[in-house]
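Some notes on the structure that comes next.
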């Protein structure tokens, strides 16, 4: 594989008994964690890049733990359906970025609301810092999965920067109140 334009694809066929459900759920969570997208009943795909291949191996182990299996196949980059797989993968990343940007908007709205209420307490600041940390972790997780560099990533980066700026302004007001 010489470039992301020539990437091969992992195709994973998953079968895990329905009971106990925790094993199926663990496999599905792992597949979503590394960015795999469902393409049919028990079928998932992801680009054949190191992070996805490692995630697929972990999902395979989880399936075995649940008395199931995950069959792993690799497509060639020249397959006619490779472009469709990329479309599905990119659409999933675009959805994640859209949701992330919406949560960033909620965060800045919450900061504005606290400023309007003059809720300048250290407890409120700590709560908002935890919310920003969650947004940062989420951003890193989606960025890691976004191997093709979705155009939405730039907007998400700007929104995260706006969140950081909003929190910095709120922190200045809190520290001003606490130390006055």
* **residue 70 vs. criteria part of a helix (DSSP H, G or I), touching a strand residue (DSSP E or B) at 6+ places or on another chain (Cβ under 6 Å) and under 30 Å from residue 45 (Cβ atoms)** => no
* **Sole exception among (1) surrounded by fewer than 12 Cβ atoms within 10 Å (Cβ to Cβ); (2) in contact with a helix residue (DSSP H, G or I) (Cβ under 8 Å, 6 or more places away or on another chain) for residue 151, by number** => (2)
* In the stretch 1-56, residue nearest to the chain's Cα centre (by Cα) [restricted to those that are part of a helix (DSSP H, G or I) and surrounded by fewer than 13 Cβ atoms within 10 Å (Cβ to Cβ)] -> 29
* Can you tell me which residues in the stretch 102-119 are assigned to a helix (DSSP H, G or I) and farther than 15 Å from residue 157 by Cα? -> 106, 109, 110, 111, 112, 113, 114, 115, 116
* Asked: Does residue 98 qualify as being more than 23 Å from residue 25 (Cβ to Cβ), surrounded by fewer than 19 Cβ atoms within 10 Å (Cβ to Cβ) and not assigned by TED's automatic domain parsing to the domain that holds residue 19?
  -> yes
* **residue 85, sole failed condition from (1) in contact with a helix residue (DSSP H, G or I) (Cβ under 9 Å, 6 or more places away or on another chain); (2) within 25 Å of residue 149 (Cα to Cα); (3) surrounded by 20 or more Cβ atoms within 10 Å (Cβ to Cβ)** => (1)
* Test residue 129 against the criterion of being assigned to a helix (DSSP H, G or I), modelled with pLDDT of 95 or more and crowded, with 19+ Cβ neighbours inside 10 Å, and give yes or no. => no
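The values are calculated or read from the model by the stated rules, or taken from the named source; none is laboratory data. As the structure is a computational prediction, the values presented were derived from the model and not from experiment. Note that each Cβ is placed from the backbone with ideal geometry, even for glycine, and that neighbours are counted across all protein chains shown.
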